[in-house]
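Engineer: Input: one structure, supplied below.
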Amino acid sequence: MLMAHHGSDLIRHLAQPVGLALAGCLYVLSVASAPWTASAAEDPPGAVSPPLSPAAAQARMAELRAEIAYHDELYFRKAAPVISDFAYDRLKRELADLGQAWPAPAPEDAAAAAIGDDRSGRFPVYRHRERMLSLSKSYSESELRAFDARLSRQLGRDDLEYVVEPKFDGIAISVTYENGKLVRAVTRGDGVDGDDVTANALTIATLPRTLKVSAAGSAPALIELRGEIYLGYAEFARINRERTSEGEEPFAHPRNLAAGTLKSVDPRDAARRRLEIVFYGCGGCEPATARPAAQTALLDQLRSWGLPTIVTPRVVRGADRMWLAVGEIGRERGRYGFPTDGAVVKLNAVAAQRRLGATTQAPLWAMAYKFAPERVATRLRAITVQVGRTGVLTPVAELEPVRLGGTTVARASLFNREEIVRRDIRLGDWVYVEKSGEIIPAIAGVDLTRRTPAAVPYVFPAVCPACQGPLVQLAGEVAERCPDLNCPAQVRRRLEHFASAAGVDVPGLGPVLVDRLVAHQLVKTPADLYRLRRDDLRQIGSGMEASADRLLAAIERSKRAELGRFINGLGIPQVGVVSSRNLARHFGSLAALAQVQPADLLENHRPLVSGLGEKASLAVLAYFVRPENQAVVADLLRLGINPKVASDQESVRPLSGRIFVLTGTLPHLTRAEAVKNITAAGGKVAPVVSRETDYVVRGEGAGEKLTDARTRGIRVIDEAELLALLAID
């Protein structure tokens, strides 16, 4: 039997293609509706084009094959797609339509190209016992009903039984067990051969090394189990919090991050990120009689073996109930803790699956329904450039506010100068915005039909917008940086980071107050914060009288923050919350860390600090080589600040004595979960804002409590900052 897998043609996110792909995909970008309904994509096939001559048709097919190959390379091998799934599928459908209208011998690698090839060349290659195929896809109710009608006609009966499952948005994997013991994990590759990523897969905590078998039962001599490796939303958020604390851009999509992690040549990278796995299919099996006779029986067997599998499969009969089940998954997926991009419909009976068979690309008894990403159109009003604490310049799209996925979106990252030029994004353009991976607002494309002569190309700054100094571009990077550590923007961002929830945690010292302190030249380095006096704060505005004592008390209290928070607050590139704790345990004091030598961190390129990779180790060495950084640490020590490594008890009670007020709906935590986490960490949750309140945690729909907090000058944080305070990894 040929068992399809969910992750063969996953969402290609982020951007609209250029050149011929942009013109060919323009229709797709006009779709903007609910994520699962038939109206979301009732007409996804190729656009109606004027008649072509035979020569023009062949030339167009050659262009399409080259364009598709380019995007396959980005998607399957580099995990860095630049077009949406809709746009990619439109290219493939146009190629298929032209192939039917103008038949010609297919290229030798056409079958492999049809399902992609994720082999990277960095891993040993292993051949699947049974070919690992893709899935046929649909975007409309009518296509799903046509699928049911075809199967009913071929099998000679109506009211067929289907299993409808969520379609995980991850990396397809085949895991082989021999006599119940895990021996190999292989990516889909080209369907015949895949990358052997066993070492990285073994870092997945939810992947059993041995199948659970009852005393009366036994495991097959050999079985290939098919599934998906993915990154849950909570872990994705954790990694992005740490990445942001390291001064780097957050990752855009969990699928791309999961792919990059699985294909890392260092298993320690995979171990640091909590990949997860789900099983839902079967490839080769010996003896063949051990193969379950139905998809539902397979899921039950997977569960009994102790394997993570589909939790809520829908077993339905007929096209009407099949479509209702797809709709249920579409409505529920916002509550899932894992990324999904559709639903998979499979004929339940294995005997019927065998009768229908498969093409060289996909089984004929299964189909994926792809949810259309919610997309809205709005005008690009401006592009602003932010200077981060490491000097990286990040352009940000300033949009006319628009509702998307239950929230109001007014800004979206444009990543770098090259991205703006490559996609020809202009001021005044109408752009399409969608949430990449259901999380981060991203510009998906430009509506060229609404572009006016007034829409002019954006000119990226030639100098730093904050200090007017020259920019540099480091080797191997596309980002442009301001190299001046005294740049006011970098000074502000470094101070914000030092005082943040992930740093030494100074409530009340937010961006506005930091800007005022820097503008009045009262503070340049973290050590300067500990020299502030009440008279200094009076200089920056009459509104400080009421909050000066509170702020000074918070700064004084921060002296007792544990060593890991001080290290993270320094903002060492490549070093986040977890790495800072590991450095604290390894060195024991700030003074010892400041005297770090290469032999303390690396031995023959092998990192010596637990949880710290080679790149981060080199970044630590580079940071403390610079005299200005040494001076900051020396200044802190002269001021009597000598933080200690947290004891186990201190580590689990980071919020002792802090009072929180919650307002609005948080994106991931329920109100009960937030209260439980805060109280477990030693904090208290109060119903109303008062003078004693340390933090107000805001979510979507925050009300009067948020206004009250801002009036009182109380620190307002979001869910990500709360999790950083809780030190949840």
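Engineer: Could you tell me what percent of the DSSP beta bridges with both partners in segment 652-726 are antiparallel, to the nearest 5?
Structural biologist: Details: 1 of 10 bridges.
Close to 10 percent.
Engineer: Taking the Cα centre of the chain as origin, sum charge times position over the Cβ atoms of Lys and Arg (+1) and Asp and Glu (-1), and report the length of that vector in debye to the nearest 20.
Structural biologist: Details: 92 positive and 85 negative charges, 250 e Å.
Charge dipole of the chain: 1200 debye, to the nearest 20.
Engineer: Run the helix sum for the chain: -39,500 (n - 2.57) per DSSP H stretch of 4+ residues, divided by residue count, reported at 222 nm to the nearest 500 deg cm²/dmol.
Structural biologist: Dividing the helical sum by the residues of the chain leaves -10500 deg cm²/dmol.
Engineer: Oh, and also: When only C-alpha pairs under 8 Å and at least 6 residues apart count, what is the relative contact order of segment 172-295, in percent? Could you put the intermediate results ahead of the total?
Structural biologist: Values: 201 pairs, mean separation 38.8, N = 124.
About 31 percent, as a whole number.
Engineer: Next question, about the same structure. Sort 149-158, 660-669, 426-435 for me by packing, meaning the mean count of neighbouring Cβ atoms within 10 Å per residue, highest on top.
Structural biologist: Details: 149-158: 12.8, 660-669: 18.8, 426-435: 20.7.
Going by the mean number of other Cβ atoms within 10 Å, highest first, we get 426-435, 660-669, 149-158.
Engineer: Arrange the following residues from fewest to most other Cβ atoms within 10 Å of their Cβ: T296, T679.
Structural biologist: Details: T296 17, T679 13.
Neighbour counts put them in this order, fewest first: T679, T296.
Engineer: Across every pair of different alpha-carbon atoms, what Kirkwood hydrodynamic radius in Å does the chain reach? It would help to have the intermediate numbers written out before the result.
Structural biologist: Working: mean 1/r = 0.0356 Å⁻¹.
Over the chain, the inverse of the mean reciprocal pair distance is 28.1 Å.
Engineer: For the chain, with the dipole built from +1 on Lys and Arg beta-carbon atoms and -1 on Asp and Glu ones, taken about the Cα centre, which of P470, Q597, W430 lies farthest toward the positive end?
Structural biologist: Selected residue: Q597.
Engineer: Highest first, please rank the peptides 619-632, 373-386, 466-479 by the mean number of other Cβ atoms sitting within 10 Å of their residues. Show your work: numbers first, answer last.
Structural biologist: Details: 619-632: 14.7, 373-386: 17.9, 466-479: 12.8.
For the peptides 619-632, 373-386, 466-479, the packing ranking is 373-386, 619-632, 466-479.
Engineer: Ok, one more. Mind sorting S610, S580, S264 by how few other Cβ atoms lie within 10 Å of their own Cβ, fewest first?
Structural biologist: On the way: S610 12, S580 27, S264 20.
Least to most surrounded, the residues fall as S610, S264, S580.
Engineer: Can you tell me the relative contact order of the chain? Whole percent, Cα pairs under 8 Å, sequence separation 6 or more. Could you put the intermediate results ahead of the total?
Structural biologist: Values: 1431 pairs, mean separation 87.7, N = 729.
That works out to 12 percent.
Engineer: Normalising by the residue count of segment 652-726, find the relative contact order in percent from Cα pairs under 8 Å and 6+ residues apart. Intermediate results must be reported in sequence, preceding the final value.
Structural biologist: Working: 135 pairs, mean separation 28.6, N = 75.
Dividing the mean separation by the residue count of segment 652-726 yields 38 percent.
Engineer: Classify segment 216-332: rounded, prolate or oblate, from the alpha-carbon gyration tensor (a ≥ b ≥ c, eigenvalue square roots; a/c under 1.5 rounded; otherwise prolate if a/b is larger than b/c)?
Structural biologist: Working: a/c = 3.14, a/b = 1.49, b/c = 2.11.
Oblate, since a/c reaches 1.5 and b/c is not below a/b.
Engineer: May I pose another question? Tell me, what is the Rg over Rh of segment 652-726, with Rh the Kirkwood radius over Cα pairs? Intermediate values should be presented prior to the final figure.
Structural biologist: Working: Rg = 11.1 Å, Rh = 12.0 Å.
Radius of gyration relative to Kirkwood radius: 0.92.
Engineer: Ok, one more. Mind pulling the angle between the C-alpha long axis of helix 614-625 and the longest principal axis of the chain? Nearest 10 degrees, somewhere in 0 to 90.
Structural biologist: 20 degrees
Engineer: Check the straight Cα-Cα distances from K644 and name the lysines below 27 Å, setting aside those fewer than 8 residues away within the same chain.
Structural biologist: Correct list for K644: K524, K559, K615, K684.
Engineer: How large is Rg over Rh for segment 379-481, taking Rg from the Cα atoms and Rh as the Kirkwood inverse mean of 1/r across Cα pairs? Numbers along the way, then the final one.
Structural biologist: Numbers: Rg = 14.3 Å, Rh = 14.6 Å.
Looking at segment 379-481, the ratio lands at 0.98.
Engineer: Around T312, under 14 Å between beta carbons, what's the net of Lys plus Arg minus Asp minus Glu among the other residues?
Structural biologist: Working: positive: K167, R303, R314, R331, R333, R335; negative: E165, D300, E328, E332.
So the surrounding residues net to +2.
Engineer: Please enumerate, by chain and number, the lysines with C-alpha under 22 Å from the C-alpha of K137, excluding those fewer than 8 residues away in the same chain.
Structural biologist: K92, K167, K346, K370, K435
Engineer: Of the listed peptides 129-142, 450-463, 53-66, what is their order by residue-averaged count of other C-beta atoms within 10 Å, with the highest listed first? Can you show the working numbers first?
Structural biologist: Numbers: 129-142: 20.4, 450-463: 12.4, 53-66: 14.3.
Per-residue Cβ counts within 10 Å, averaged per peptide and sorted highest first, yield 129-142, 53-66, 450-463.
Engineer: Regarding segment 427-479, what's the average projected area of the Cα-atom convex hull, expressed in nm²?
Structural biologist: Working: hull surface 24.3 nm².
With every direction weighted equally, the projected area is 6.1 nm².
Engineer: How many angstrom lie between the C-alpha centres of segment 257-324 and segment 483-501?
Structural biologist: 46 Å
Engineer: Please arrange I440, I239 by how many other C-beta atoms lie within 10 Å of their C-beta, fewest to most. Don't skip to the answer; put the middle values down first.
Structural biologist: On the way: I440 18, I239 22.
Result, fewest neighbours first: I440, I239.
Only the coordinates and a few stated rules stand behind these numbers; no lab work does. Predicted model only: the values in this text are computed from it and were never measured. Note that we place each Cβ from the backbone using ideal geometry, even for glycine, and neighbour counts take in every protein chain shown.
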